[in-house]
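The values are calculated or read from the model by the stated rules, or taken from the named source; none is laboratory data. On a predicted model such as this, the values are computed, not experimentally measured, just so you know. Using ideal geometry, Cβ is built from the backbone for each residue, glycine included, and neighbour counts are taken over all protein chains shown.
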Amino acid sequence: MAFNAIRRALGSLGDHASGNVPGSSQEIPSGDAASVNPHFAEMYRSIDAAFTGPKTADAPASFLAARAERDAGWTAETDTSRDEEREIMSAAPYRAVVTSLRQNVKPDSAALFGAARDAMRQSHSPYSQFPVGAAILAEDGKVYSGCNVENASFPEGWCAETSAIAHMVRAGGRRIVEIAVVAEKMPGITPCGGCRQRILEFGSASTLIHLCDADGVVESVTLADILPRVF
């Protein structure tokens with residue numbers, strides 16, 4: 001069956017480190033694959049049992065239990081990181097820098113930030129626990145927002161900027177004047193490389209990118225500032 005091919009491919013990740021033979025019933029990925037996620041080996045065993053063992057009624061439950069354990073581990077790590085970030089953000093040096101940067105922010109960017117923040121609250125990010133929102137001010141004066149939407153097959157998810165652009169295009173907009181981006185856990189986050197190119201598709205070197213934290217716009221830069229050598 002198709003799963004056997006996937007199983008052999010996953011098993012081969014640990015072959016060099018463990019000496020296991022691909023396709024054997026005892027192969028458990030080790031080395032880099034196991035060190036990236038400590039829950040990987042146990043999850044692999046549960047998946048292996050669910051798909052290659054007896055087809056019992058509780059097989060799907062074992063898979064879901066393994067995934068729930070994995071997600072719980074990630075959530076615990078995320079909560080620790082969030083506490084550390086809050087401590088940094090409350091420190092005087094950080095607040096001083098942010099206060100200085102805010103002095104150069106456009107006064108009318110607050111509404112765009114609000115739309116991005118509202119979109120962020122609708123984020124579907126159960127795997128990264130990293131909600132992001134984006135809001136576009138189009139040439140027609142309308143605001144289009146979007147959030148990141150993740151998928152269990154990680155590359156199939158999409159960014160908040162991508163969602164906002166799709167909403168703009170669907171409504172007939174074709175020109176981005178400004179865009180605000182906010183992430184719950186990273187103040188002043190910038191669009192990823194792919195989204196910078198997507199913004200350029202409908203923007204220009206002078207398109208404003210508003211980088212936000214939980215309280216509003218921290219800094220405004222142009223697309224040329226963060227994408228100097230475009231494709």
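The table below lists the values:
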| quantity | calculated |
| --- | --- |
| Subset of segment 181-227 (residues that are buried (at least 21 other Cβ atoms within 10 Å of the Cβ), assigned to a strand (DSSP E or B) and without any contact (Cβ under 8 Å) to a residue 40 or more places away in the chain) | I209, L211 |
| Members of segment 141-157 that are in a strand (DSSP E or B) and surrounded by 18 or more Cβ atoms within 10 Å (Cβ to Cβ) | V143, Y144, S145, G146, C147 |
| Test result for A110, without any contact (Cβ under 8 Å) to a residue 40 or more places away in the chain, surrounded by fewer than 19 Cβ atoms within 10 Å (Cβ to Cβ) and not in a strand (DSSP E or B) | no |
| Selection count, segment 140-155, where residues are modelled with pLDDT under 95, among the aromatic types (F, W, Y) and within 23 Å of I179 (Cβ to Cβ) | 0 |
| Any chance I176 is within 29 Å of R229 (Cα to Cα), out of contact with any Phe, Trp or Tyr (no Cβ under 6 Å at 6 or more places or on another chain) and touching a residue at least 24 places away in the same chain (Cβ under 8 Å) | no |
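Residues checked against (1) out of contact with any helix residue (DSSP H, G or I) (no Cβ under 8 Å at 6 or more places or on another chain); (2) among the hydroxyl-bearing types (S, T, Y); (3) part of a strand (DSSP E or B):
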{"residue": "A119", "(1), (2), (3)": "no, no, no"}
{"residue": "Q122", "(1), (2), (3)": "yes, no, no"}
{"residue": "Q129", "(1), (2), (3)": "no, no, no"}
{"residue": "I179", "(1), (2), (3)": "no, no, yes"}
